[in-house]
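Comments concern the structure below.
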Amino acid sequence: MNLRRAQITQTLAILLFVIFLLGRGELIARTTQAEQLDLEPLVTNEAILPSVPLLGPAESSASVAAGAVEPAKPAESSTAVKPAAETAAPAETPSVHRPVRLPGRVVLGYYAEWGSDRSSYDSFRKNVNNLSWVAPFWYSVDRDGQLRSQGGDQDKVMDLARASGKKVIVLFNNLDGNDTVLRDPAARQRAVENIVEVVLAKGYDGVNIDFENLEPASRKGLTQLMADLSARLWPAGRLVTVAVAPKLSANEDSNNFAAAYDYAALGRHTDYVVIMSYDQHARWSEAGPVADFRWVQQTIRYAITQIPAEQILLGIAGYGYDWSTEGVKIIKANQAEELANWYGAKIQWDKDSRVPYFAYTQNGVRHEVWYEDYRSVEAKLELVSSHGLGGVALWRLGQEEDKLWPRVAERLN
C-alpha cells in the first residue's frame, strides 16, 4: 500500500515538472519572438492613442469624382454631425514602425491649381530634379469626415512624379476651416477611413494634413487624427506629415491661433512636421514682412525644444502681399520685380528683417509691397542648416523666383 502511494506521488511529481518545463518553454519562445520583432510602442503624455485596428488596404477602390470623393459612407444621414465628447483612449497602443527617412534634407514643393493657373505644374516640371517630394492639394475633408475633390490634373502630376522618382505626399485640408471633424469622434473616424482608402487605392506615397483656423478645443482631436492615421499608414509604408502654425513659445495664451497644435504629441505620430513660418503679416494686418528673419528664427528655436530638429520642415513662402487703402492682394514673388519696374519703384532691402519691399502709386492710391525673394529665402536656408532642420516646404510651386532654385540646391543638396 505504501509502495503504491509512493509510486502515485512520484508520478504526480513528474507530471508537475513536465508542465512547468512546457510553460517555461512557451514563455521563452514568446520573449524571443518579441525580441525578433523589435517592437517599439509609441509613448504619449496625453493618452492620445490609435483607436483603430491595424488593417490592410480597403477592399474597394475610392471613387474620385469632380465634385466629391466618398470612399466610405457615413452610418448616419448626410446632415451635419453634432459634436460629441471625446471617447476614452484604448488601454494599449499597437506597435507600428515609421518608414525609413530620406538621407539628406527634404525639399517639398506644394502644388495647387487655381482656376486656369497652371504655374504649379510648369514649376514642377522645370524644377522636378530639385525636389524630394511634391504635395498636391487635391482633397478637402468636410465636417462629416467625407472627402471633397479639389480637382487638378492628377494623372499628369502622378506620371511626372513617377518618371522622376519623386514621392507624392497628398495634401488634405479642412474644408472651409471647419474643425467639427476633429471634435466629433464618429466624423474623425470616418475621415481616417476615407483618407486611408484613397491613399492606398490611388497609390500615393503619403499624406500632408493641413488643418488650419482651428479652435484650441480641437487640440486633442487633431493629435488623435494623426495617431490614427499613422497607425494605419505606417504599416503600409506610407509617410505621414502634418502642417502646423508657428509658435514663439509654450505660452498658449499668446498662441491662441496655434494652440490646437500640440507640437510634441504631433511629432510622435508623424514623420515630418511642416512649420508654416510665413504670414507674419498678411490680409488681416498692416503692411510688413511675410516672414521676418528674426521671427522665423524664434519659431525655430521654440519648435526644436518640442520636436527633433531633423523632423522639422521649415515653411518657405513664394509670395508676398500688396497693401493699399483699397485692400490687400497676394502677389507672386516672380511678378514682384516686374510690378516694381512697371511703376518705376525701387526695390528696397530691410536689413533687420532681411526681406525686400517697395512702394508705388496707382491712380493716386499708395501701395506697399512686401514679399519673399531668392535673397530672403537664402537667409532662411541658412537657418535650416545652422539648426539642423530636416528640410524645407515651399508654398507654393509656381509663385517662386527662378533664382531661388540654385540657392536651394547649393544650400540643401
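Considering only His269, Pro289, Pro246, and ranking their Cα positions along the charge dipole of the range 210-312 that arises from unit charges at the beta-carbon of Lys, Arg, Asp and Glu, the one farthest toward the positive end is His269. Extending 7 Å from Cα along the Cβ direction at Ala264 and again at Arg375 yields two label points whose distance is 4.1 nm.
Here the extension length gained between Arg118 and Arg98 equals 3.8 nm, from 0.36 nm per residue of separation less the Cα-Cα distance.
For Trp138, the residues whose modelled amide H falls within less than 5 Å of its own, excluding neighbours fewer than 5 places apart on the same chain, are Leu171.
Were the residues from Arg294 through Gln362 laid out at 0.36 nm apart, the gain over their Cα-Cα distance would be 21.3 nm. Here the 3J(HN,Hα) profile of the range 313-320, calculated from phi with Karplus coefficients 6.51, -1.76 and 1.60 at θ = phi - 60°, is 10, 7, x, 10, 8, x, 8, x Hz, Gly and Pro shown as x.
Under 5 Å from the amide H of Tyr261 lies no amide H of any residue 5 or more positions distant or on a separate chain, with H modelled from the backbone and absent for Pro and chain starts. Straight-distance candidates among the lysines for linking to Lys156, with alpha-carbon spacing under 19 Å and chain neighbours fewer than 8 residues away dropped: Lys126, Lys166, Lys167, Lys202. In this simple spin-label approximation, Asp350 and Ser149 carry label points 7 Å from Cα along the Cα→Cβ vector, and these lie 4.3 nm apart.
Size descriptor for the range 129-198, Kirkwood hydrodynamic radius: 13.1 Å (Cα pairs only, one decimal). As a rough guide to protection, the peptides 310-320, 238-248, 363-373 ranked by mean Cβ packing within 10 Å, highest first, stand as 310-320, 238-248, 363-373. Summing Cβ point charges (Lys, Arg +1; Asp, Glu -1) relative to the Cα centre of the range 270-413 gives a dipole of roughly 140 debye. Among 225-231, 156-162, 117-123, 167-173, the peptide with the highest mean count of other Cβ atoms within 10 Å heads the list, and the full ranking is 225-231, 167-173, 117-123, 156-162.
Per-residue packing, averaged as other Cβ atoms within 10 Å, sorts the ranges 212-221, 379-388 into the order 212-221, 379-388, beginning with the highest. Cross-link reach is defined here as a Cα-Cα straight distance under 19 Å, omitting same-chain residues fewer than 8 places apart; for Lys220 the lysines meeting it are Lys82, Lys247.
None of the figures in this text is laboratory data; all of them are computed from the coordinates on show. Small disclaimer: the values here were computed from a predicted structure and weren't measured. Neighbour counts are summed over all protein chains in view; Cβ atoms, including those assigned to glycine, are modelled from backbone coordinates with ideal geometry.
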